[in-house]
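S.K.: Sharing a structure, written as C-alpha cells. Questions coming.
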There are 2 protein chains.
Amino acid sequence: MKTTYGGNLTIKNLNEEVTLYGWIANKRKFKQQLFIDLRDSSGIVQLVLTNVSDPLLTKESCIKVKGKVQKRLEANRELKSGEVEVLVEEYEVLNSSKQIPFEINNKNSATANEDIRLEYRFLDLRQEKMLENLRLRHKLLLNVRQYFDKNGFIEVETPILAKSTPEGARDYLVPTRRKGRFFALPQSPQLFKQLLMAAGVEKYFQVARVFRDEDLRKDRQPEFTQLDIEMSFGGQEEIFALCENMWSEVLKPLGWNIKTPFPKMDFFYSMEHYGNDKPDTRYGFLIEDYSKELSTKYNKKFVKAIVFDRQVQENFAIINETFKKNNGQHLDIVEFDKLSDTEKALFKVVADKEKINTPYVLISANDDEDDALKSLGAIRTLLNDLYQLADPNQLNFLWIVNWPMFEYDKETKTYAPAHHAFTQFEESTVKYLETGELNKVRAKSYDLVLNGFELGSGSIRIYDPKVQKKMFDILGISEKEQQSRFGFFLKSFDYGLPPHNGIAFGIERVLMILTQSQSIRDVIAFPKNAKGVDLLTSAPSDVTKEQLDEYGLEVRK
Amino acid sequence: MKTTYGGNLTIKNLNEEVTLYGWIANKRKFKQQLFIDLRDSSGIVQLVLTNVSDPLLTKESCIKVKGKVQKRLEANRELKSGEVEVLVEEYEVLNSSKQIPFEINNKNSATANEDIRLEYRFLDLRQEKMLENLRLRHKLLLNVRQYFDKNGFIEVETPILAKSTPEGARDYLVPTRRKGRFFALPQSPQLFKQLLMAAGVEKYFQVARVFRDEDLRKDRQPEFTQLDIEMSFGGQEEIFALCENMWSEVLKPLGWNIKTPFPKMDFFYSMEHYGNDKPDTRYGFLIEDYSKELSTKYNKKFVKAIVFDRQVQENFAIINETFKKNNGQHLDIVEFDKLSDTEKALFKVVADKEKINTPYVLISANDDEDDALKSLGAIRTLLNDLYQLADPNQLNFLWIVNWPMFEYDKETKTYAPAHHAFTQFEESTVKYLETGELNKVRAKSYDLVLNGFELGSGSIRIYDPKVQKKMFDILGISEKEQQSRFGFFLKSFDYGLPPHNGIAFGIERVLMILTQSQSIRDVIAFPKNAKGVDLLTSAPSDVTKEQLDEYGLEVRK
C-alpha cells in the first residue's frame, strides 16, 4: 500500500528513500534537469529527474517514482513540502495522459467553462479546491453522525423506492413490472421519520438522499442530501439547543467557531425589515416604514425605504430590473442633499444610527405592502452582491420563528400550508380557525437561516388525530383523498403516536456557504448541470425498447 | 427534553422524583393497584398506579407519568430496571391506542404473520429485538465510517439518478421530462468509484444505496445498502488487510472478537470440497472424490461423497428434493455397516479423521463433475439447516481467491465474466487468451465469505486501455457498444487512470448473520415483502394520468 504521500514530505524526511505515486501537475526543463510537480491526494512535491527525455511523461500522467528526499535550493513557501524535493532514481509511467482539455488549476476551482469541467469531471476533481470540497463534505457528515450518536440518536435508512404522494414539487417516478404501478423517489423522508416516532425510536436522524423533479433553475439539483432529524417528547427549545450545539460542535474541528445560542427573529419582523424570510444579518441597511409620512407624496398606500451608505447610480439598471421583477411599483433613489427638509429629518435618524456620512435613500412605494417589502428586500440582497457588504468569513445563524400557518395564494384565492400539513397550530391562535381568519393562525414551525440562505425548516408535528383531520379539512382534502394519500400514516395516530418534532437541513447549501462556492455543483462529486443533465455520463439517456417493454411502457411521440 | 429513561432506572435512583414518557407494553390489575410495564427506547420499567381506572390506559398508548422511584417487593431479574418501580403520582394519556392487531413481543421479533407485521411496521418496530437490530445497524455503519476516516479514506456520495448501462440484472428506470430519456438507479457505484480513482481521490468509501430490479426470491430486496470501497496504488494483500482490520475493529465494540488475518481458500478447492464458492467452514463433512474407485460401480464418470455423523432417513424426501433441484443424478445414502469392505476402507479414513463413530455416507454420482459437486454441496448446506451443525455465535470469515475470469454458459455456449468486465487478468494465465482456453484464464478477484454467505466481492481493476479493449473484444462487445455504454468511463483511461482495486460488501447480509435473523427484512426499517411490495404504504401504487402525461408516458393495456 502507498504509505508515503509526496505533499506531506518535509525537512524531517531529509535523505529518506521514498516511493511516490501521483500525477504530473506541471513540468519544466532546465538544462539537463526535468522538474516535475507531482500531485497526489496530499498535495504537491517537486521531483528532479536528470537526463530524462521521455515523451510519455506528459502532464496528468500517472507515475511511480523512487528517489531520495533532498533540500531545495530555494524553498517554495506556497507548498507544505516546499523545503524539499525528491531526486528521482527510478520512475515508471503507470498511465500516460493525452493532452488534457482544460488547465487544471492547483489552487482554486477552475475558471474553465463549466460544461467541459463537468464532461471531464474526473479531471476537474483533480483540482485542489475540488478535492478539498469533497474532503470537507466527508468530514462534516462524519462529525454530524458522531454528534447525533453521542446524543443518543440513531441513523435509520428509509426507503428510496417509496410511495408517490404528490404535493408541491413533482415526484420522480419509478416504473415497476407490476404494470401501471410505480414507486416514487422521496422528496423527503417526512412520513417515514414520523412513523419511526410512532415506532418508539424517539431520537432519529439520517443523512438522506432526496429528489425533486422541479423546474430547473440556475442552482437546483434533481437529487440532493438532507440531514433529517426527528425526536419525540421534546419541544422547540430542545430542538433549537440540539441543532445549535450540533452546528457548533460539528464546525469547530473544521475551523469555524460558532456562538450559541443563535438569535431568534420573528417572521414578521424579518419580512418588515429584510423583505424576506431568510435575512442576511451580516450587514445592515434595514428596511423602514415611512407610509404615514410619505404615502401622500407618492400616492401609494405603502412607502418603505433603505438608507444606504454610497451612491448606486452606476448600477441603476440592474437595481431597477430586480425591483420590477419583484413587483415593485415605484422606485426612487435619492441623494440625501436632494431630499426635502422633512424627508431629511426622517432619514437622518437612521443614517446617524448606522453612522452613514453621505446617505443615499432607496424608496419603494407600492399599493401592496408585501410587494413594497419584497421588492426592496430583493434590492438589499442585490446590493450585497454588488458591493460585498457582508464578511464572507462570518457565519450568521438565525432562527426565524412565529410563522403563519397558511399562505394565501392571491391568484387561486386559497390558503395552503406555509410549512406542511403536519405542523401544529399555535394554541393561542386556534380561535382564528373558528372565525375564518386563517391569515392570523400561527404555526409551531421554525426555519434556520445562515447568511441569507434557508438552511433548514422544521416544526412541532400534530399527533392528535382530530387536529390532523381538522387540518386536512381546512385544506380541502377530502376524506377519500386523505385515506388514499396518507392512510398509512394516519393509521399511526390511532396507536399511540407520541408528541414529536423535527427539522431537516440542506447539506449542499451549508457546504456552499462554508466553501464560499459560486455554485452548488462545486460541492457535489458528480452533479447534473443547470439543465438537469449529467454531462459526464450523458444521463438521462435513451433506453432500449426491450427495457420499456419490461415495464409495459410507451413513450408518446 | 426527555432526560430520564425508564429502562435505565436502577437502585441508584431510589426515591428520585422522575418524569417518564413511553408506551404501555403490558398492564395488570391487582386489588386497588394497576401495574403497567412502561416501554421506551431504553427498555421497560414497572409503574404502580393506585385507585386508577381509566379506559384510555390501553396497551400501546403513549403516556407521560410523574412519580417516585421505589424498591420492588420482588425484583424482576429479566429487566435492567427490575429492582425498582415508579409509584405514579400524576399521569397523562398523550395518545390512547386502539386494540393492536398483533401481540408485541418484548423479547424477540414477533411470531405474528409477517404480512400484518409489515402492514403495521410502526408497531412491529416497537419490539425490543427490532429496535435492537436498528440500533446495531446504526452502530455498525458509524464504526465503519470512523474506521475508514481514520485510515485516510473519504466518503463520497455518488449519484442515484444515473445512467442506464444494462448488464446482469435489470436497471430500475426513472422517466424524465425530456421525452424518451431516462435516468437509471445504480446497481452499484462501480464506474463512479473508478472515476474517483481517475480523479485522484486515492481512498474512497461509501455506504451506498443500490437497486436491482431482479426477479424476486424469498430474501431479495429491490433496494439495499452496500459498503463500497476503492483504493489506488494498492494490491490484493493491502485491501485484504484493510478489510480484515475493518471487520475486526468495527465488530469488536459490538461484542464480536474476530481473528485476523482471515484464512484464504482457493476457488477450486472450495468447489471441490464444499460444492459452492461460499463455503461455511464452521462445520466439517467435506466432499471427497471417489471417482477413481467407484465410477465403475455407479456407471457415472464422477462419484463424490460426504461422510456424515448421523442417519438422515427421516429427512430423505427433502434431501432428495434438494439434490434433484441441483441437477443431481444419482444419490445413495448408506449406513456404514451396509457398505462393502472396499467402500468401508475408503470412507473409514474420513470417518476416523472427523472422529465419527457411526458414519453415514451420502454419495452423489454424476456424469457432470460440476453437478456432482453442486448437488452434494446443496445437501451439505441443507444438513446444517436440518441439524444445526454450525455454532450460530461463531463468525468464520474466509477469502475465496484464484477465481476463473470467465464463466461458461452451457446453454448459450458463450463465456461471460465471472466477476465483471473491469477485472484484471492473472498475468500467468494471459497466455490462454491466445490459445482460446478461456476456462483456464484466472482473474485478480476475490470474495469475502462469512458463514456460508457471500459478504462481498472485489477485484484488481484494469487500468491499461489496451487490456480493457481486449476484454470487451473477448466478450463480443462491439466498438460502438463500448462507446455508447462505457464511453464516459473509457475516456478516463486516456488521462492517467491509476492502478486501483476495490470491493463492496452487502450490509443487510452482514447484519442478518450478526443478529441471527431469519429474514433480511428484520434488519431493514421499512422493507418490501417477498413480492416487492411495501405493505405499509402500499407502494408501488397507481399514479395519476397527469403525472404520466408530464413524462409523456403511456402504460400499455
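The values are calculated or read from the model by the stated rules, or taken from the named source; none is laboratory data. Keep in mind it's a predicted model, so treat the numbers as computed, not measured. Reconstructed Cβ throughout: ideal geometry from the backbone, glycine too, with neighbour counts over all protein chains shown.
S.K.: Only residues that are at pLDDT 90 or above and either under 33 Å from the mean Cα position of the chain (by Cα) or not in a loop (DSSP other than H, G, I, E, B) (or both): list them for segment B:408-432, please.
M.R.: The answer is B:Phe422, B:Thr423, B:Gln424, B:Phe425, B:Glu426, B:Glu427, B:Ser428, B:Thr429, B:Lys431, B:Tyr432.
S.K.: Checking A:Gly458 against (1) under 28 Å from A:Asn143 (Cα atoms); (2) not in a strand (DSSP E or B), which test does it fail?
M.R.: (2)
S.K.: Given the conditions (1) over 25 Å from B:Ala208 (Cβ atoms); (2) touching a residue at least 40 places away in the same chain (Cβ under 8 Å), and given that A:Ser188 satisfies all but one, which numbered condition is not satisfied?
M.R.: With respect to (1) over 25 Å from B:Ala208 (Cβ atoms); (2) touching a residue at least 40 places away in the same chain (Cβ under 8 Å), A:Ser188 is out only on (1).
S.K.: Okay, next question. Tally the residues that are among the acidic types (Asp, Glu) and surrounded by fewer than 20 Cβ atoms within 10 Å (Cβ to Cβ), restricting the search to segment B:20-54.
M.R.: Taking segment B:20-54 and keeping what is among the acidic types (Asp, Glu), we get B:37, B:40, B:54.
After this cut, where a residue has to be surrounded by fewer than 20 Cβ atoms within 10 Å (Cβ to Cβ) as well, the list is B:54.
So the count comes out to 1.
S.K.: Next up: Got a sec? Which of B:Arg137, B:Arg117, B:Arg126 is among the basic types (Lys, Arg), closer than 17 Å to B:Thr225 by Cα and surrounded by 20 or more Cβ atoms within 10 Å (Cβ to Cβ)?
M.R.: Only one candidate qualifies: B:Arg137.
S.K.: Within segment B:506-520, identify whether any single residue is closer than 30 Å to B:Val467 by Cα and either modelled with pLDDT of 95 or more or in contact with a His (Cβ under 6 Å, 6 or more places away or on another chain) (or both), and answer yes or no.
M.R.: Yes, some residue in segment B:506-520 is closer than 30 Å to B:Val467 by Cα and either modelled with pLDDT of 95 or more or in contact with a His (Cβ under 6 Å, 6 or more places away or on another chain) (or both).
S.K.: Does A:Phe102 satisfy being within 39 Å of the chain's Cα centre (by Cα), more than 26 Å from A:Leu14 (Cα to Cα) and surrounded by 21 or more Cβ atoms within 10 Å (Cβ to Cβ)?
M.R.: No; evaluated as a whole, the condition is false for this residue.
S.K.: Answer with yes or no whether B:Val88 is over 27 Å from the mean Cα position of the chain (by Cα) and surrounded by fewer than 20 Cβ atoms within 10 Å (Cβ to Cβ). It would help to see each step written out before you state the result.
M.R.: Values: over 27 Å from the mean Cα position of the chain (by Cα): yes; surrounded by fewer than 20 Cβ atoms within 10 Å (Cβ to Cβ): no.
When the stated conditions are applied, B:Val88 does not pass them.
S.K.: Same structure, new question: If A:Arg485 satisfies all but one of (1) more than 30 Å from A:Phe425 (Cβ to Cβ); (2) in a helix (DSSP H, G or I), what's the number of the condition it fails?
M.R.: Unmet for A:Arg485, out of (1) more than 30 Å from A:Phe425 (Cβ to Cβ); (2) in a helix (DSSP H, G or I): (1).
S.K.: Does A:Ser53 qualify as being among the small types (Gly, Ala, Ser) and more than 43 Å from the chain's Cα centre (by Cα)?
M.R.: Yes, satisfied.
Here is a yes/no grid of residues against (1) surrounded by fewer than 17 Cβ atoms within 10 Å (Cβ to Cβ); (2) modelled with pLDDT of 95 or more; (3) among the charged types (D, E, K, R):
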{"site": "A:Phe323", "(1), (2), (3)": "no, yes, no"}
{"site": "A:Phe336", "(1), (2), (3)": "no, no, no"}
{"site": "A:Leu339", "(1), (2), (3)": "no, no, no"}
{"site": "A:Glu343", "(1), (2), (3)": "no, no, yes"}
{"site": "A:Leu346", "(1), (2), (3)": "no, no, no"}
{"site": "A:Val350", "(1), (2), (3)": "no, no, no"}
{"site": "A:Ile356", "(1), (2), (3)": "no, no, no"}
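S.K.: Ok, one more. Among the candidates A:Phe153, A:Phe192, A:Phe148, A:Phe182, which residue alone is under 22 Å from the mean Cα position of the chain (by Cα) and not aliphatic (A, V, I, L, M)?
M.R.: Only one candidate passes the filter, namely A:Phe148.
S.K.: From A:Ala365, A:Ala372, which residue is surrounded by 12 or more Cβ atoms within 10 Å (Cβ to Cβ) and in contact with a His (Cβ under 7 Å, 6 or more places away or on another chain)?
M.R.: The unique qualifying residue is A:Ala365.
S.K.: What residue, of B:Ile524, B:Ile503, is more than 29 Å from B:Phe122 (Cβ to Cβ) and touching a helix residue (DSSP H, G or I) at 6+ places or on another chain (Cβ under 7 Å)?
M.R.: Matching residue, one of B:Ile524, B:Ile503: B:Ile503.
S.K.: Shifting gears a bit: Does B:Leu548 satisfy the condition of being facing chain A (nearest Cβ under 7 Å) and surrounded by 16 or more Cβ atoms within 10 Å (Cβ to Cβ)?
M.R.: No: the conditions fail for B:Leu548.
Conditions (1) over 30 Å from A:Trp23 (Cβ atoms); (2) crowded, with 22+ Cβ neighbours inside 10 Å, marked per residue:
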| residue | (1), (2) |
| --- | --- |
| B:Gly476 | yes, no |
| B:Glu481 | yes, no |
| B:Phe486 | no, no |
| B:Leu497 | no, yes |
| B:Phe505 | no, yes |
| B:Val510 | yes, yes |
| B:Ile513 | yes, no |
| B:Gln518 | yes, no |
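S.K.: Kindly evaluate B:Arg135 against the criterion of being under 30 Å from B:Val533 (Cα atoms), in contact with a strand residue (DSSP E or B) (Cβ under 6 Å, 6 or more places away or on another chain) and among the charged types (D, E, K, R). Don't jump to the end; show me each part of the working.
M.R.: Values: under 30 Å from B:Val533 (Cα atoms): yes; in contact with a strand residue (DSSP E or B) (Cβ under 6 Å, 6 or more places away or on another chain): yes; among the charged types (D, E, K, R): yes.
Yes, satisfied.
S.K.: Then there's this: Yes or no: segment B:235-243 includes at least one residue that is out of contact with any strand residue (DSSP E or B) (no Cβ under 9 Å at 6 or more places or on another chain) and surrounded by 19 or more Cβ atoms within 10 Å (Cβ to Cβ).
M.R.: no
S.K.: Name the one entry in A:Glu272, A:Glu288 that is in contact with a helix residue (DSSP H, G or I) (Cβ under 7 Å, 6 or more places away or on another chain), at negative phi and either of a type in the set (Val, Ile, Thr) or in a helix (DSSP H, G or I) (or both). If you could, list the steps in order and put the result at the bottom.
M.R.: Numbers: A:Glu288 fails: either of a type in the set (Val, Ile, Thr) or in a helix (DSSP H, G or I) (or both).
Sole residue among the options that is in contact with a helix residue (DSSP H, G or I) (Cβ under 7 Å, 6 or more places away or on another chain), at negative phi and either of a type in the set (Val, Ile, Thr) or in a helix (DSSP H, G or I) (or both): A:Glu272.
S.K.: Whether any residue in segment B:189-203 is buried (at least 21 other Cβ atoms within 10 Å of the Cβ), within 15 Å of B:Ala162 (Cα to Cα) and small (Gly, Ala, Ser) is what I want to check.
M.R.: No, segment B:189-203 has no match at all.
S.K.: Please work out if A:Thr176 is buried (at least 20 other Cβ atoms within 10 Å of the Cβ) and farther than 19 Å from A:Tyr463 by Cα.
M.R.: yes
S.K.: How many residues are more than 24 Å from A:Leu134 (Cβ to Cβ) and either assigned to a loop (DSSP other than H, G, I, E, B) or more than 8 Å from every other protein chain (Cβ to nearest Cβ) (or both) when one looks only at segment A:523-545? Give the steps one after another, and end with the answer.
M.R.: The initial filter retains those residues of segment A:523-545 that are more than 24 Å from A:Leu134 (Cβ to Cβ), namely A:540-545.
Imposing the further condition that a residue be either assigned to a loop (DSSP other than H, G, I, E, B) or more than 8 Å from every other protein chain (Cβ to nearest Cβ) (or both) reduces the set to A:540, A:542-545.
So the answer is 5.
S.K.: Residues that are more than 7 Å from every other protein chain (Cβ to nearest Cβ) and within 30 Å of B:Lys129 (Cβ to Cβ): find the strands (runs of 3 or more DSSP E) completely inside segment A:137-256 holding 1 or more of those. So that I can check it myself, show each step before the final result.
M.R.: Working: elements: A:173-175, A:182-184, A:203-211, A:223-232.
Passing ranges, in order: A:203-211, A:223-232.
S.K.: Now for a separate question. What's the total number of residues in segment A:492-521 that are within 14 Å of chain B (Cβ to nearest Cβ) and of a type outside the set (A, V, I, L, M)?
M.R.: Matching residues across segment A:492-521 total 13.
S.K.: Looking at (1) closer than 18 Å to B:Leu142 by Cα; (2) touching a helix residue (DSSP H, G or I) at 6+ places or on another chain (Cβ under 6 Å), which is the one condition that is false for A:Arg117?
M.R.: Unmet condition: (1).
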